[in-house]
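Colleague: Would you mind keeping the following structure in view while I ask a few things?
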Amino acid sequence: MSGQTFHTIGDLARRTGLSVKTIRYYADSGVVPPTDRSPAGYRRYGPGAVARLELVRTLRDLGLDLATIRRVVDQEVPLREVAAAHAEALAVQIRVLRLRQAVLTVAARRGSGPAEVDELHRLAQLTTRERGQLVSDFLDGVFAGLGDQPAYPGVIVSLTPELPDDPSTEQVEAWLELAELCRDPEFQARMRRLARQHAADHDVPGLPRPDAVAVVRDAVAPALAAGVDPTSPDADPVIAAVTNRYASLHCHSDEADLRRRLLDRLVPANDPRRDRYLDLLAVLNGWSTGDATAPAVDWFIRALHHRMPEPAR
């Protein structure tokens, strides 16, 4: 070894920024063994020790255990194989951490008790098949008896969430809330009524046409944006536009009957949970969020009620 440069453990500490204690630990573990010893018995390291220590530090920072690191630096196993395996393991850990973070975030936001936290945790851990079954049961109940109509299989698909294999924390939070909506019998009943009313509005000859909610949403949007009071005379043209449009689409001429029919359609639709389901669906499926229908529907319901005659006493 004549002419070879050796480093003391203190030299290595200064060059790498590692502590003497850490380098000694790596040496005792066989990860960075000394090359030689001085006449006084002190450990000495060859010129490759600095690069080896730098690699060890990097791999330790990335979470690899010392036994695996030793196999890498001793070239017993290719670094690329170790990196790939470790990256895969980390991906699993990250997904688990996201699930836990989402559950704790939702629980903290709601002020949940132990029972609700336990239920949120259970929903977060459902398998892909179990999630699909939960949503399928909900949609089957909503569209029972309508699935054989040509338009509805596509509608059902458009309302089906797909949680990605590697979801973000926001998507896990969205799944937890959407799953709770799907398990709410009252919400399912409300959506089932809306589906049947939508089907009745489309049960007319000719091309597909918008239902009551769509007609109201489109007509009321400018009035909402302008801040028009639904009880003011300024709302009258909007009421007329909606009733005339709905009458022409669905062949109704009696104005009083038409307004009652519209209310019958719109009151069940005036549920913010419907919009919330669609917003959560957009988060889960990576879609853009659409415009909420509830504000327009609520505006029009108030406008109609203000103009309906008082019931006889």
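Colleague: Yes or no: region 235-255 includes at least one residue that is in contact (Cβ under 8 Å) with a residue 60 or more places away in the chain, β-branched (Val, Ile, Thr), buried (at least 19 other Cβ atoms within 10 Å of the Cβ) and part of a loop (DSSP other than H, G, I, E, B).
Modeller: no
Colleague: Still on this structure: So residue 231 ticks every box in (1) over 36 Å from the mean Cα position of the chain (by Cα); (2) assigned to a helix (DSSP H, G or I) but one. Which box is left unticked?
Modeller: With (1) over 36 Å from the mean Cα position of the chain (by Cα); (2) assigned to a helix (DSSP H, G or I) applied to residue 231, the lone miss is (2).
The rows are residues; the columns are (1) open to solvent by 50 Å² or more (accessible area, probe 1.4 Å); (2) assigned to a loop (DSSP other than H, G, I, E, B); (3) acidic (Asp, Glu).
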residue: 115; (1), (2), (3): yes, no, no
residue: 118; (1), (2), (3): yes, no, yes
residue: 141; (1), (2), (3): no, no, no
residue: 154; (1), (2), (3): no, no, no
residue: 157; (1), (2), (3): yes, no, no
residue: 161; (1), (2), (3): no, yes, no
residue: 164; (1), (2), (3): no, yes, no
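Colleague: Right, next: Give all pairs with beta carbons closer than 6 Å in which a residue from region 55-80 that is more than 14 Å from residue 22 (Cβ to Cβ) meets a residue that is surrounded by fewer than 16 Cβ atoms within 10 Å (Cβ to Cβ) and β-branched (Val, Ile, Thr); count only pairs at least 6 apart in sequence or on separate chains.
Modeller: Going by the 6 Å Cβ cut-off, the qualifying pairs are 71/77.
Colleague: List every residue pair whose Cβ atoms lie under 6 Å apart, where the two residues are 6 or more positions apart in sequence or sit on different chains, the first residue falls within region 266-286 and is without any contact (Cβ under 8 Å) to a residue 24 or more places away in the chain, and the second residue, located anywhere, is β-branched (Val, Ile, Thr) and assigned to a helix (DSSP H, G or I).
Modeller: Listed by first residue and then by second, the contacts come to nothing, as the list is empty.
Colleague: Among the residues of region 37-54, which ones are touching a helix residue (DSSP H, G or I) at 6+ places or on another chain (Cβ under 7 Å) and touching a residue at least 40 places away in the same chain (Cβ under 8 Å)?
Modeller: Listed by number, the residues that qualify are 49, 50, 53.
Colleague: Further, regarding this structure: Being closer than 30 Å to residue 190 by Cα, touching a helix residue (DSSP H, G or I) at 6+ places or on another chain (Cβ under 9 Å) and surrounded by 13 or more Cβ atoms within 10 Å (Cβ to Cβ) is the requirement here; does residue 135 meet it?
Modeller: When the stated conditions are applied, residue 135 passes them.
Colleague: Considering 73, 92, which residue is of a type in the set (Val, Ile, Thr), within 19 Å of residue 164 (Cβ to Cβ) and at pLDDT below 90?
Modeller: Matching residue, one of 73, 92: 92.
Colleague: I need a count of the residues in region 228-265 that are in contact with a Leu (Cβ under 8 Å, 6 or more places away or on another chain) and modelled with pLDDT under 90.
Modeller: 7
Colleague: Mind checking which helices (runs of 4 or more DSSP H) fall wholly inside region 1-106 and carry at least 3 residues that are open to solvent by 60 Å² or more (accessible area, probe 1.4 Å) and not hydroxyl-bearing (Ser, Thr, Tyr)?
Modeller: 20-28, 49-61, 66-73
Colleague: With the structure loaded, tell me whether residue 211 is modelled with pLDDT under 85, within 30 Å of residue 307 (Cα to Cα) and open to solvent by 30 Å² or more (accessible area, probe 1.4 Å) or whether it fails that test.
Modeller: no
The values are calculated or read from the model by the stated rules, or taken from the named source; none is laboratory data. These figures come from a predicted structure and were not determined experimentally. Cβ: placed from backbone, ideal geometry, glycine included. Neighbour counts: every protein chain shown. Surface areas here come from the heavy atoms of the whole protein model, side chains and all, with no ligands, DNA or RNA. Shrake-Rupley method; radii C 1.70, N 1.55, O 1.52, S 1.80 Å.
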